[in-house]
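Let me begin by presenting the structure, written as structure tokens, before commenting on it.
The values are calculated or read from the model by the stated rules, or taken from the named source; none is laboratory data. Fair warning: this is a prediction, and the values are worked out from it, not measured in the lab. When we count neighbours, we look across all protein chains shown, and the Cβ atoms used for this are built from the backbone with ideal geometry, even at glycine. Remember, those area values only see protein heavy atoms, side chains included, never the ligands or the DNA or RNA. Shrake-Rupley method; radii C 1.70, N 1.55, O 1.52, S 1.80 Å.
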Amino acid sequence: MTAALAYRSQTAPVRRRSTSPKAASRPRLRVLDQAAVRRRARRRNAVLLAFIVLLAALFLVAFVHARLVESQQELDLMRTRISELQVDKAQLERAVDEASSPALIVERASALGMVRAAEPVYLASVVPPAAESTIDVVAAPLDATQQETAQPDVLGSRALGENETG
Amino acid sequence: MTSTRATARAAKRRTTFRRTTKPTDPRNRLIALLVVFVIIGAGFVAVLVDLQTVRPDRYRSLGEDQRTRTRQIAGYRGAVTDRNGFVLAASTPSHQIVADPTMVADGGVTAELLAPILGVDTATLSELLTPASENDRFSLLARNVDDEAVSDIQQLESATDDGLDPLVGIFVLPEEDRVYPAGELANAVVGRVDPDEQGIFGVEAQYNEVMTGSPGTEQFERGRFGSISVGDWKVDPATAGHDVVLTLDNRLQFIAEQTLIEHCTTSGADGATAVMSEPGTGELLVVASVVRNDEGDCAVAGYNTALLDTYELGSVMKPLVVAAATEELGFTADTTIEVPNRITVGGKGFADHPSHPAAPFPISEILASSMNVGTILISQRIPAETLHGYLDRFGLGHQTGLGVDGESSGVLRHPDDWWGADYGSIPIGQGVTMNATQLLAAYNVLANGGRFVPPVLVRSVEATDGEIQSTVVPDPTVVVSPRTADELTRSLVAVVAEGTGRTAAVSGYAVAGKTGTAWKVFDDGSGQLGYGSPGNRRYVVTFVGYLPAEDPKLSLAVVVDEPDGEVTASAIAAPIFSEIAGYAVRVLAIPPNGSPAPGSEGERVRGTPAGPALARAPGLAADGGVGQ
């Protein structure tokens, strides 16, 4: 019993009501609630984590937005480029059309020394007896370089009579 | 000291007196403050109500107007192409240069800089750049300016260093330019547009509605430094006009025009027309119009003489008359008719030249020699009403159905209006008028075994989304029987083989055709229209035909208007036919049938004699050939 009392006196001194003003202004001590401390710590960690997540989200949004703007600008540039290329294409097509015009082809061909083809000569597809094989040439070949428009066979230099039509 | 205290007390009393006589009630101040806040709040509420409920659209549009810009997207006019896809007309991006003269610092300086680039003289530009009044805010300086010129203009800004920007008040606006890559090729058919891209004539006018595109718009938000990339962007896409695909072949069209120009020049003619078609489909491969212009040169015409000009075409009418009689009376090409050299109809004499004794002539020879008297006698064997009915079904007196503005239907009078000599002149092609396309369509009846196939000039109308609207062609109508058509074809082959149309022959092909030399009506100075007098006549010479005769793949009509001198179709029109058709058969890869070349009897190379090539032509050989 004595030992026990001695132990108590060491570990938990008997409270005495102090009457001095200094003792009265001292903050009251209380036993910490460990669970509450842990709860507060968890809450603080959670808030910190939420803040970090929020910050990260904000950065992510800013990053995505920046990428979006960048992509949109790239899209705008491509759209502009497409318009320019369409204009170029239209102009090139017109240039090809002009270069393909018969008048220009004839002009270029003449400049290169080409002449209009002579009247073709056709070979008749008649197969004669083998012993007396013949080939009918139904037109005489002409020299393309000397070919001119055939002079018409004028049938009627005659004077037309009253109400005559040709 | 006492005095001072007394004074202080007196002052305190006065002060106390004032406070007690004019007390300031704090509630009043609060009420006043409240009223002020209520008024301000009510103002806010009123504005809010106005913004949100009364006129929200107005403010929204004001805001949008401030930050959005609208750009117009051109809806290009559709193209005109030939049957092979060759572009005859198309629209291409271009620019116009405009000015606000009130903004231009020095019109003279700006004009000097712009003049060499725009190709406009400085004085004109200077005048355009000088404001006539303070409301003169727009001047059109140049249209259809290309990219290179625009670039040159934009570089002018940096070229000057006098502190004045010469480009202030100068604007570049987008527009479309109508281009014709082949120049004047088929000008009369394709047509042209006005500066506002509206068709004036030709296909450009006829198909203006479907060819006109509708512009689109592009709306985007714009900030201080240009467009906002992630802002609103709305596009109302432009719709391009439809393309019109013609039946023409640009190669044949070019050759035909060049040939006409050459012969128009050498013959001294006023003009010439050529129309070529595929008889089976009626598709027109060539519609060429050439006229002598004010400078005296033959050139491609700006109007379609093949549809707009009608003539009395003379003897080309005879086969149509003979076809009617053949159908009604069962004639053949070998049927003979007693033909005197001269007859009188309605008090007017009609004669054949060169003269011949009265003798029986086969119908083929009547046509081959283009006998007036023989044709008139044949026409008299059927009632005039019947003859008129056939000519009507051949398409004379009707528009072709091509829908070209200003097309003439020609004149084919009803027999009730025939008088005296009409019974003699109409069968030989005087007193009845037609255009070249009508003539060709009529001969296509003979080429098609008696069926009338309407001519076609537009193959299809194609939208940019690939939708194709093909031209709906009326069903062919039967005019004469295939037997009649075949008999007439035999006679027409004889015309080219041994008659007046020998100069129309095409080497290797049997050609069926007919010449026509007609007097032209004109005012000889007496104030009255007439045919003139011997030595003072004007002529229209024609050749119309088709080939290969046994299976026609192309038909061609050539009309030459007023060549110089006493001329015939054999000398003027038939050679043109030969030249154009000879080129066309090669372009269209039509196989030859072995007919001899013009003037050629066929050259034997080795061995046995060669028979008449034409006799081997399928479909004609059964009758022992033609032209014998």
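Given the criteria modelled with pLDDT of 85 or more and either farther than 25 Å from B:Pro174 by Cβ or among the polar types (S, T, N, Q) (or both), does B:Thr81 qualify? Walk me through it before giving the result.
Values: modelled with pLDDT of 85 or more: yes; either farther than 25 Å from B:Pro174 by Cβ or among the polar types (S, T, N, Q) (or both): yes.
So B:Thr81 passes the test.
Filtered by the rule that a residue be open to solvent by less than 10 Å² (accessible area, probe 1.4 Å) and more than 10 Å from every other protein chain (Cβ to nearest Cβ), the stretch B:90-99 gives B:Ile97, B:Val98, B:Ala99. When the residues of the stretch B:316-362 are filtered to those that are among the polar types (S, T, N, Q) and over 18 Å from B:Thr489 (Cβ atoms), the one that is nearest to the other protein chains (Cβ to nearest Cβ) is B:Ser355. Do we find that B:Tyr531 is facing chain A (nearest Cβ under 10 Å), under 26 Å from B:Thr305 (Cα atoms), surrounded by fewer than 22 Cβ atoms within 10 Å (Cβ to Cβ) and not basic (Lys, Arg) in this structure? Answer is yes for this residue. Just one of (1) more than 30 Å from A:Gln73 (Cβ to Cβ); (2) in contact with a Phe, Trp or Tyr (Cβ under 7 Å, 6 or more places away or on another chain); (3) of a type in the set (Gly, Ala, Ser) fails for B:Ala256. It is (2).
Would you please name the residue that is farthest from the other protein chains (Cβ to nearest Cβ), looking only at residues in the stretch A:85-109 that are farther than 15 Å from B:Gly183 by Cα and either in contact (Cβ under 8 Å) with a residue 12 or more places away in the chain or open to solvent by 90 Å² or more (accessible area, probe 1.4 Å) (or both)? Ranking the candidates gives A:Arg108 first.
If we scan the stretch B:225-241, do we find a residue that is within 14 Å of chain A (Cβ to nearest Cβ), aromatic (Phe, Trp, Tyr) and open to solvent by less than 50 Å² (accessible area, probe 1.4 Å)? No, that holds for no residue. Filtering B:Leu118, B:Leu113 for residues that are within 38 Å of the chain's Cα centre (by Cα) and at pLDDT 85 or above leaves a single hit, B:Leu118. Of all residue pairs spaced 6 or more apart or on separate chains, those with beta-carbon atoms under 9 Å, a first member in the stretch B:479-497 that is of a type in the set (D, E, K, R) and a second member that is in a helix (DSSP H, G or I) and open to solvent by 10 Å² or more (accessible area, probe 1.4 Å) are B:Arg483/B:Glu327; B:Asp486/B:Asp623; B:Glu487/B:Ser364; B:Arg490/B:Ser364; B:Arg490/B:Asp623.
Only a single criterion out of (1) open to solvent by 30 Å² or more (accessible area, probe 1.4 Å); (2) small (Gly, Ala, Ser); (3) more than 25 Å from B:Gly199 (Cα to Cα) is not satisfied by B:Gly410, namely (1).
Quick check, is B:Gly349 free of Cβ contacts under 8 Å to residues at least 12 places away in the same chain and open to solvent by less than 20 Å² (accessible area, probe 1.4 Å)? The answer is yes for B:Gly349.
Once the stretch B:190-209 is narrowed to residues that are among the charged types (D, E, K, R) and surrounded by fewer than 19 Cβ atoms within 10 Å (Cβ to Cβ), the residue that is nearest to B:Arg459 (Cα to Cα) is B:Glu209.
The C-beta contact set for the stretch B:511-525 (first residue more than 14 Å from chain A (Cβ to nearest Cβ), second residue of a type in the set (S, T, N, Q) and in a strand (DSSP E or B), distance under 9 angstrom, 6+ apart or interchain) comprises B:Asp524/B:Ser533; B:Asp524/B:Asn536. Using the structure shown, decide if B:Thr464 is of a type in the set (S, T, N, Q), open to solvent by 60 Å² or more (accessible area, probe 1.4 Å) and either within 14 Å of another protein chain (Cβ to nearest Cβ) or not in a helix (DSSP H, G or I) (or both). Yes, satisfied.
Evaluated against (1) within 24 Å of the chain's Cα centre (by Cα); (2) open to solvent by less than 30 Å² (accessible area, probe 1.4 Å), B:Ala421 falls short on exactly one condition, (1). Pairing residues of the stretch B:553-578 that are within 14 Å of chain A (Cβ to nearest Cβ) and under 20 Å from B:Asn435 (Cβ atoms) with residues that are open to solvent by 10 Å² or more (accessible area, probe 1.4 Å) and among the aromatic types (Phe, Trp, Tyr), at Cβ distances under 8 Å and at least 6 apart in sequence or on separate chains, gives B:Val559/B:Tyr311.
Of the residues making up the stretch B:256-274, those that are within 12 Å of another protein chain (Cβ to nearest Cβ), open to solvent by less than 50 Å² (accessible area, probe 1.4 Å) and polar (S, T, N, Q) are B:Thr259, B:Ser267.
One line per residue, one yes/no per condition, for (1) closer than 21 Å to B:Ala569 by Cα; (2) open to solvent by 30 Å² or more (accessible area, probe 1.4 Å); (3) not in a strand (DSSP E or B):
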{"residue": "B:Arg251", "(1), (2), (3)": "no, yes, yes"}
{"residue": "B:Phe254", "(1), (2), (3)": "no, no, yes"}
{"residue": "B:Met276", "(1), (2), (3)": "yes, no, no"}
{"residue": "B:Val286", "(1), (2), (3)": "yes, no, no"}
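For the stretch B:467-486, how many residues meet the condition of being part of a helix (DSSP H, G or I) and either open to solvent by 20 Å² or more (accessible area, probe 1.4 Å) or modelled with pLDDT under 95 (or both)? Within the stretch B:467-486, residues that are part of a helix (DSSP H, G or I) and either open to solvent by 20 Å² or more (accessible area, probe 1.4 Å) or modelled with pLDDT under 95 (or both) number 3.
Matching residues to (1) farther than 28 Å from B:Phe522 by Cβ; (2) open to solvent by 10 Å² or more (accessible area, probe 1.4 Å):
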site	(1), (2)
B:Leu377	yes, yes
B:Gly389	yes, yes
B:Gly401	yes, yes
B:Asp405	no, yes
B:His414	no, yes
B:Ile428	no, no
B:Ala442	no, no
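One residue alone among B:Thr92, B:Thr110, B:Thr102, B:Thr124 is part of a helix (DSSP H, G or I) and in contact (Cβ under 8 Å) with a residue 60 or more places away in the chain, and that residue is B:Thr110.
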